[in-house]
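Report on one structure; see the data block that follows.
The values are calculated or read from the model by the stated rules, or taken from the named source; none is laboratory data. Computed from a predicted structure; not experimentally measured. Cβ placement follows ideal geometry from the backbone for every residue including glycine, while neighbour counts extend to all protein chains displayed. Quick note on the areas: whole protein, heavy atoms, side chains included, nothing else; ligands and nucleic acids left out. Shrake-Rupley method; radii C 1.70, N 1.55, O 1.52, S 1.80 Å.
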Amino acid sequence: MNITIFSMPKLANNPCRIACQIILLMSLPSGANAAGITNQQAVANAITSCNSLNSGDGVYFGPTNSICNVQATAANIQSLTPDQIFGMGYQSTRVNGGKVGQPYDYFRTQNSRMTGGGAGDDNFSRLSFWAKTDNDFGLTNTTLNSTGYRFDNHHFVFGADYRLQNNWVAGGSFTYQYNNATFDSGRGATTSNNYSGSIYTTYSITDALHVEATASYGGFNYQTSRNIQLSGFGSSVATGSPIGYQYAFSWGGGYDFTYQALTVAPYIRGDYMYQGINSYTETGSIAAMSFDSQVIESMVSTVGVQSSYTFSMPWGVLIPQLRGEWHHQYMDSQRQMQGSFTSDPTGQVITMTGNTPSSDYYTFGAEVSSVLPGGISAFLAYETLQGYTNVTSNKLMLGGRLEF
């Protein structure tokens, strides 16, 4: 008899929807079609295969701490499914839309002068030091393919640039990033410490037309924990410490239309990112797993426009700005991961399938910059990612620059 389960209406973050379909899955005869719960099916197949090593009277003659002693119940299968593994890649390509981080006050470094108000005669110094901090916060929704999580990421960036010519600036920066993701339903957490360096340059072809490029390379250390609850075995925590690396490039250009104190600047940009995460093995649980290496690639095009208005104040210059961007993703796709239970003597490979990414999404931002006497400037900005399926992402930025 062939049985097909039709897809239920999509209800994000609905544990009942997932649990109910798993229960239906467990009740299906071999070969039945259970669309949408392939990850749980893969784990169920591995556990069932391992259970088959038991003798006819249900006694397993292998080690008592083998995963083969775990019953393939709906609750056990849900707890064993390691779909949190995709969170590491999602942090890079989806939480921030796959964009390469830009230096502080990036657009302002592209001109040898400021436009509007009383700032037109304020030329830049040759050497500048700058710093900024970003705080990303938000969540990803739980789906049938992966467990959702709340994230709170912190970036600290320090850099310097030098004006080689009046229309050409080059510089470099160092970034430390701490990421923290806490998974829904108490299923664990993933944290990481990332370190990267970058070089960047901007060149003004005319006072209005400019091009720019950025390149970066870095490494990171993850700490993962999966909270597992198994009938007959109680609770345990499977922990891992994968490491990886990332390199990225960004390039683009724009044109500044100015009218007195008002500037409207359309621009285009391309971002490429390659991320590799090494294979690793968890410890601390009967359900610990070994995972293969991961490769994540992202190629994003951005079309945006930024507007600003310059106010001359007694103490300096105040510049409010608004920005909107449309992004298109070319390379990030529905990824697959492979792993196996370390205590499974059969070594059956489990293939996990992640969420399908959004191809088109948007970023909107607002910023207030100030330029003070003595070559000091500062900015405060807010940015939000919109239109990305199952992702809510916001960013607060604060930075300053000192010119010599």
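A few remarks follow.
- Filter pass, residue 386 being within 20 Å of the chain's Cα centre (by Cα) and closer than 17 Å to residue 96 by Cα: yes
- From the options 290, 298, 312, residue that is outside any loop (DSSP other than H, G, I, E, B) and under 30 Å from residue 375 (Cβ atoms): 312
- Residue check for residue 392: assigned to a loop (DSSP other than H, G, I, E, B), open to solvent by 20 Å² or more (accessible area, probe 1.4 Å) and within 28 Å of residue 332 (Cα to Cα): no
- Among residues of the stretch 139-178, those that are part of a loop (DSSP other than H, G, I, E, B) and not hydrophobic (A, V, I, L, M, F, W, C), counted: 9
- Residue check for residue 319: in contact (Cβ under 8 Å) with a residue 12 or more places away in the chain and under 30 Å from residue 286 (Cα atoms): no
- Subset tally (residues that are assigned to a strand (DSSP E or B) and surrounded by fewer than 18 Cβ atoms within 10 Å (Cβ to Cβ)) for the stretch 341-357: 2
- Breaking point among (1) farther than 30 Å from residue 68 by Cβ; (2) more than 20 Å from the chain's Cα centre (by Cα); (3) surrounded by fewer than 18 Cβ atoms within 10 Å (Cβ to Cβ), for residue 360: (2)
- Candidates are the residues of the stretch 369-386 that are outside any strand (DSSP E or B) and loosely packed, with under 14 Cβ neighbours inside 10 Å; the one that is modelled with the lowest pLDDT is 374.
- Candidate set from the stretch 264-289 (those that are under 30 Å from residue 309 (Cβ atoms) and of a type in the set (D, E, K, R)); member that is surrounded by the most Cβ atoms within 10 Å (Cβ to Cβ): 271
- Of the residues making up the stretch 152-164, just one is in contact with a helix residue (DSSP H, G or I) (Cβ under 8 Å, 6 or more places away or on another chain) and either over 17 Å from residue 90 (Cα atoms) or modelled with pLDDT of 95 or more (or both), namely 161.
- Among (1) closer than 30 Å to residue 68 by Cβ; (2) out of contact with any Ser or Thr (no Cβ under 7 Å at 6 or more places or on another chain), the one test that residue 350 misses: (2)
- Criterion: open to solvent by less than 50 Å² (accessible area, probe 1.4 Å), of a type in the set (Ser, Thr, Tyr) and assigned to a strand (DSSP E or B) - qualifying residue of 190, 182: 190
- Residue in the stretch 170-178 that is over 30 Å from residue 377 (Cβ atoms) and of a type in the set (A, V, I, L, M, F, W, C) present: no
- Selection status of residue 326, within 30 Å of residue 373 (Cα to Cα) and either touching a His at 6+ places or on another chain (Cβ under 6 Å) or among the aromatic types (Phe, Trp, Tyr) (or both): no
- Scanning the stretch 194-220 for residues that are part of a strand (DSSP E or B), polar (S, T, N, Q) and either over 15 Å from the mean Cα position of the chain (by Cα) or modelled with pLDDT of 95 or more (or both) yields 196, 198, 201, 202, 204, 214, 216.
- Tallying residues that are more than 27 Å from the chain's Cα centre (by Cα) and either surrounded by 15 or more Cβ atoms within 10 Å (Cβ to Cβ) or basic (Lys, Arg) (or both) within the stretch 222-263 yields 8.
- Boolean, residue 197 is surrounded by 17 or more Cβ atoms within 10 Å (Cβ to Cβ), of a type outside the set (S, T, N, Q) and closer than 28 Å to residue 243 by Cα: no
- Some residue of the stretch 126-141 being more than 25 Å from residue 255 (Cβ to Cβ), basic (Lys, Arg) and open to solvent by 40 Å² or more (accessible area, probe 1.4 Å): yes
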